[in-house]
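*Asks:* This is the structure I want to talk about, given as structure tokens.
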Amino acid sequence: MQKAVVANSANAPLLQQEVAVKAGRLTKVRPYLYVLPALLFFSAFFFIPILYIIYLSVFDWSLLNLEEMEWVGWQNYADLLSDADFHQVLLNTMLFTVATVVLGIGLSFLLALWLNQKRKLVAVVQASVFSPHIISLVSVSMLWMWLMDPQYGLLNALLEFIGLPAYTWLADTKSALLSLVLVSVWKVVGYNTIVFIAGLQSIPKDLYEAAALDRSTRWQTLRRITIPMLSPTLFFLLITNTISSFQVFDTISIMTQGGPVNSTNMLVYYIYEQGMDYYNGGLASAASVILLGLVGLLTVFHFWTMRKRVHYR
Amino acid sequence: MHQSTRVAARWIEAVLLVAVALVFVFPFLWMFLTAFKTMPEVYQFPPTWLPETWQFANFETAWSSGPFLRYVINSVLVAIGVLIIQLLTAVPAAYAFARYRFRGRNFLFGLALIALMIPPQVIFLPIYVELSHMGLINTLWSLVLPYGASAFGIFLLRQAFMQVPDEVIEAARLDSASEWKIMWRVMVPMAKPVLVTFGLFSFIYHWNDYFWPLIMTNSDEVRTLPVGITMLKAAEGGKQWNVIMAGNMMLVLPILAIFFFAQRHIMKAFVYQSK
């Protein structure tokens with residue numbers, strides 16, 4: 001901006017110079033005016049809510065009557081931490097997250113190594129693997145409920161066809177959480193794979209040429225070049241997959257409602273139930289703050305390690 | 001001999017590739033096939049592959065079991081409304097971040113990046129309380145306004161605006177075009193591919209979204225399609241999987257159609273966040 005003014009001031013006619021100077025003065029406030037609308041929206045629906053949820057978490061309140069709020073201090077947190085159901089919810093969330101992230105990233109890494117080819121057939125396979133990612137979780141959930149139907153579902157029909165006993169899927173406390181993991185992994189693998197492939201393709205070819213000259217084995221090349229060069233991608237996926245696993249809601253709400261016997265109840269669903277169904281706003285807020293803390297920690301960690309890469313390349 | 005093992009290996013790989021593709025595509029095919037079966041055929045074990053008689057009536061049953069036209073209109077209004085407001089806020093912000101030096105720029109841009117990381121599920125409660133103070137719960141506004149600013153949109157557009165050559169802007173300034181005009185008439189047209197990318201991303205996200213409309217709405221007039229479709233599941237008298245799958249197709253087909261025609265754009269849009 002400034003450069004434009006300076007570069008042309010030497011031989012520009014006087015009138016134009018004046019215009020440029022006036023524009024220059026306006027320039028001081030102009031960028032703030034341009035950022036303002038977005039900033040207002042972010043404030044109203046992002047920054048203020050973040051502060052507000054912390055505030056709400058030290059009151060006893062309910063959505064039924066927002067006028068009556070009673071200060072209770074740490075009580076909501078104490079209640080949460082001594083509540084066996086909430087322990088179960090935390091445990092479920094952790095198990096679900098670890099399983100989904102490990103399986104989702106592991107499988108997609110292998111798929112990416114395999115599907116990183118420029119062939120017509122492979123392009124079709126890439127698109128197929130990716131397709132669940134853009135489909136609504138509502139459809140995905142209802143579809144998998146039908147596939148996992150214990151009596152008439154396709155999955156049990158296939159199991160029977162290859163001579164295995166029928167599985168209980170969503171109907172049993174031992175298998176329900178794993179079934180939800182399966183659905184989430186199925187949905188996310190395609191996205192991860194495509195991100196990995198993009199990462200693989202950005203590795204400079206001469207590294208591989210050098211490795212080939214050194215007669216490095218495939219395994220050595222993978223360990224010494226591919227994996228280190230992919231580590232930013234891997235790290236990005238670890239963080240984003242973990243954050244989105246913490247948020248799991250749609251599949252629970254549609255497929256299990258947290259059951260059977262709380263075995264698939266996880267953080268966001270718990271917050272939703274406490275806040276919207278049981279009208280226990282305080283407890284729901286405290287649980288939200290805990291979730292916010294977890295996500296915030298991951299975000300800070302993410303920015304801290306990515307700082308050099310993200311800013312103004 | 002060597003030649004033939006290589007050919008064999010290639011064929012085996014092709015078969016495996018198709019098998020992998022089927023793991024991800026076959027469930028959709030099963031949705032499609034189920035949507036055309038009769039109830040007795042749905043509850044038959046082991047299941048049949050193709051429907052014995054193709055039953056188009058399931059779609060009528062699904063469509064007439066609720067105000068689905070209303071749901072579809074709401075879904076489109078929300079997805080388009082969100083996109084319009086997001087562009088109106090993102091274009092000036094991105095232009096400022098890309099083309100101006102000003103105090104606090106890095107700080108403000110950092111704030112936008114944080115917004116990219118924290119999902120709405122974490123803070124839906126306080127937003128609900130805010131919106132209910134404003135009297136906006138159970139209106140389409142409650143579905144549109146909270147998404148009015150998109151950090152991802154700002155991020156993408158900023159990147160695109162930074163790549164516009166200085167000469168183009170200088171030339172426009174010499175024609176004494178206003179900054180506002182340069183932004184919308186010069187920069188935006190040059191960022192067209194990115195706008196398409198972002199538009200697809202935003203539309204798909206909001207068309208598919210279930211969580212937000214579930215929380216913010218409680219009557220049919222303002223419900224969107226994903227919430228409406230889950231109502232099919234609650235219908236009395238056993239799960240009518242054929243009708244449910246027929247309803248599901250309403251939600252899935254538009255997206256699959258868009259994906260079919262703009263596959264590369266869409267994959268790029270979703271992958272872009274990783275960079």
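The values are calculated or read from the model by the stated rules, or taken from the named source; none is laboratory data. For clarity, every value in this text was computed on a predicted model and none was experimentally measured. All Cβ positions, even for glycine, are placed from backbone atoms using ideal geometry, and neighbour counts span all protein chains on display. Please note that ligands, DNA and RNA were not included when accessible areas were found on the heavy atoms of the full protein model with its side chains. Shrake-Rupley method; radii C 1.70, N 1.55, O 1.52, S 1.80 Å.
*Asks:* How much FRET efficiency would the formula 1/(1 + (r/R0)^6) give for A:THR168 and A:GLU209, where r is the Cβ-Cβ distance and R0 is 56 Å, rounded to 0.05?
*Replies:* Working: r = 53 Å, r/R0 = 0.94.
Efficiency for this residue pair is about 0.60.
*Asks:* What share of Cα pairs, in percent, lie more than 14 angstrom apart in the range B:2-60?
*Replies:* Working: 1140 of 1711 pairs.
Of all Cα-Cα distances in the range B:2-60, 67 percent exceed 14 Å.
*Asks:* Something else: What is chain B's relative contact order, in percent, from Cα pairs under 8 angstrom and six or more apart in sequence? Write out the running numbers ahead of the final one.
*Replies:* Values: 242 pairs, mean separation 85.6, N = 275.
Once normalised by length, the contact order is 31 percent.
*Asks:* Determine, for chain A, the count of lysine pairs separated by eight or more sequence positions (or lying on different chains) whose alpha-carbon distance falls under 24 Å.
*Replies:* Working: A:LYS3/A:LYS22; A:LYS3/A:LYS28; A:LYS118/A:LYS187; A:LYS118/A:LYS205; A:LYS120/A:LYS187; A:LYS120/A:LYS205; A:LYS174/A:LYS187; A:LYS205/A:LYS308.
Close lysine pairs found across chain A: 8.
*Asks:* What residues does the range B:11-32 have that are buried by at least 50 Å² of accessible area in the full protein assembly compared to the chain on its own, 1.4 angstrom probe?
*Replies:* Listed by number, the residues meeting the 50 Å² cut-off are B:GLU13, B:LEU17, B:VAL20, B:PHE24, B:PRO27, B:PHE28, B:TRP30.
*Asks:* Excluding same-chain pairs closer than 8 in sequence, count the lysine pairs in the range B:131-275 whose Cα atoms lie under 30 Å apart.
*Replies:* Details: B:LYS181/B:LYS192; B:LYS181/B:LYS268; B:LYS192/B:LYS268; B:LYS192/B:LYS275.
Pairs that pass both the separation and distance tests number 4.
*Asks:* Let me ask you something else. Give me, ordered by chain and number, the residues 5 or more places off A:ASP60 or on other chains with an amide H under 5 Å from its own placed amide H.
*Replies:* Here A:GLU70, A:TRP71, A:VAL72 satisfy the definition.
*Asks:* While we're here: Mind checking the mean number of beta-carbon atoms from other chains within 10 Å of the Cβ atoms in A:118-126? If you can, show how the numbers build up before the last one.
*Replies:* Working: counts 0, 3, 0, 5, 4, 2, 5, 10, 4.
For peptide A:118-126, the averaged partner shielding equals 4.
*Asks:* Would you tell me the mean number of C-beta atoms belonging to other protein chains that fall within 10 Å of each C-beta in B:125-136, as a whole number?
*Replies:* On the way: counts 16, 13, 7, 5, 10, 5, 2, 2, 1, 1, 0, 0.
Average per residue, whole number: 5.
*Asks:* Something else now. If a/c stays under 1.5 just call it rounded; otherwise compare a/b with b/c (prolate if a/b is bigger, oblate if not). Do that for chain B, with a ≥ b ≥ c from the square roots of the Cα gyration tensor eigenvalues.
*Replies:* Working: a/c = 2.62, a/b = 1.40, b/c = 1.88.
Note, shape of chain B comes out oblate.
*Asks:* Starting with the highest mean, order A:264-277, A:34-47 by the number of other Cβ atoms within 10 Å, averaged over the residues of each peptide.
*Replies:* Answer by packing, highest mean first, reads A:264-277, A:34-47.
*Asks:* Right, something else. With no solvent and one equal point scatterer per Cα, compute the Debye intensity ratio I(q)/I(0) for the range A:155-255 at 0.16, 0.24 Å⁻¹ and report its log10, rounded to two decimals.
*Replies:* Values, matching the q order: -0.83, -1.23.
*Asks:* Moving to a separate point now. In chain A, which whole DSSP H runs stretch at least 20 Å along their own axis (Cα) and average 1.0 or higher on the Kyte-Doolittle scale? Can you show the working numbers first?
*Replies:* On the way: long enough: A:84-115 (45 Å, 1.65); A:176-201 (38 Å, 1.67); A:227-246 (27 Å, 1.39); A:281-310 (40 Å, 1.18).
What comes out of the filter, once short or polar helices are dropped, is A:84-115, A:176-201, A:227-246, A:281-310.
*Asks:* Here's another thing I want to ask about it. Roughly how many percent of the accessible protein surface of the range B:1-160 is carbon and sulfur, given a 1.4 Å probe and a whole-percent answer? Walk me through the numbers before you get to the answer.
*Replies:* On the way: 5200 of 7370 Å².
Solvent-exposed carbon and sulfur of the range B:1-160 make up 71 percent of the total.
*Asks:* So which helices of chain B fit the span-like rule, where a helix is a whole DSSP H run, its Cα atoms reach 20 Å or more along the axis, and its mean Kyte-Doolittle is at least 0.0?
*Replies:* Long hydrophobic helices here: B:2-34, B:68-99, B:192-208, B:241-261.
*Asks:* Defining a contact as two alpha carbons under 8 Å apart and six or more residues distant in sequence, what relative contact order in percent does the range B:2-60 show?
*Replies:* Working: 26 pairs, mean separation 15.9, N = 59.
With pairs under 8 Å counted, the relative contact order is 27 percent.
*Asks:* With a 1.4 Å probe and all protein chains kept in place, how do A:ASP250, A:ASP214, B:ASP166 rank by accessible area, largest first?
*Replies:* So the residues, ranked largest to smallest area, are A:ASP214, B:ASP166, A:ASP250.
*Asks:* Further question on the same structure: Over the whole of B:107-115, what's the average partner chain Cβ count within 10 Å per residue? Rounded to a whole number, please. Before the final figure, lay out the partial values.
*Replies:* On the way: counts 0, 6, 3, 3, 7, 5, 6, 8, 7.
Other-chain Cβ atoms within 10 Å of each residue's Cβ, averaged: 5.
*Asks:* What value in Å³ per residue do you get for the convex hull of the alpha-carbon atoms in the range B:159-275? Don't skip to the answer; put the middle values down first.
*Replies:* Values: hull volume 18.1 nm³, N = 117.
Value for the range B:159-275: 155 Å³ per residue.
*Asks:* When you count, for each residue, the other Cβ atoms within 10 Å and take the mean per peptide, how do A:167-178, A:97-108 rank with the highest first? Intermediate results must be reported in sequence, preceding the final value.
*Replies:* Working: A:167-178: 17.5, A:97-108: 19.2.
In decreasing order of mean packing, A:167-178, A:97-108 become A:97-108, A:167-178.
*Asks:* So what is the relative contact order for the range A:77-310, in percent, with contacts set as C-alpha pairs under 8 Å and at least six apart? Can you show the working numbers first?
*Replies:* Numbers: 233 pairs, mean separation 67.9, N = 234.
Once divided by the residue count of the range A:77-310, the mean separation gives 29 percent.
*Asks:* Round to a whole angstrom and tell me the spacing of the C-alpha centers of the range A:29-58 and the range A:170-240.
*Replies:* 36
*Asks:* For the interface of chains B and A, what total accessible area is buried with a 1.4 Å probe, rounded to the nearest 100 Å²? List each step's numbers first, then the result.
*Replies:* Values: alone 17000 and 20180 Å², together 28030 Å².
Buried area between the two chains comes out at roughly 9100 Å².
*Asks:* For chain A, what is the Kirkwood estimate of the hydrodynamic radius, computed as the reciprocal of the mean inverse distance between distinct Cα atoms, to one decimal in Å? Intermediate values should be presented prior to the final figure.
*Replies:* On the way: mean 1/r = 0.0417 Å⁻¹.
With all distinct Cα pairs of chain A included, I get 24.0 Å.
*Asks:* Let me ask you something else. Express in whole angstrom the spacing between the alpha-carbon centres of the range B:37-78 and the range A:263-295.
*Replies:* Here the answer is 35 Å between Cα centres.
*Asks:* Give me the net charge for the shell around B:GLN44: Cβ to Cβ below 15 angstrom, other residues only, Lys and Arg +1, Asp and Glu -1. Can you show the working numbers first?
*Replies:* Numbers: positive: B:LYS37, B:LYS239; negative: A:ASP149, A:GLU160, B:GLU41, B:GLU52.
For residues surrounding B:GLN44, the net value is -2.
*Asks:* If every alpha-carbon in the protein assembly as shown counts as one equal scatterer, what log10 I(q)/I(0) does Debye give at q = 0.06, 0.10 1/Å?
*Replies:* -0.36, -0.97
*Asks:* So what is the accessible area of chain B per residue, in Å², with the probe set to 1.4 Å? Display every interim value, and only then the final one.
*Replies:* Details: 12510 Å² over 275 residues.
Averaged over the residues of chain B, the accessible area is 45 Å².
*Asks:* If ligands, DNA and RNA are left out, what is the accessible area of B:LYS233 with a 1.4 Å probe, given in Å² to the nearest 10?
*Replies:* Using a 1.4 Å probe on the heavy atoms, I get roughly 40 Å².
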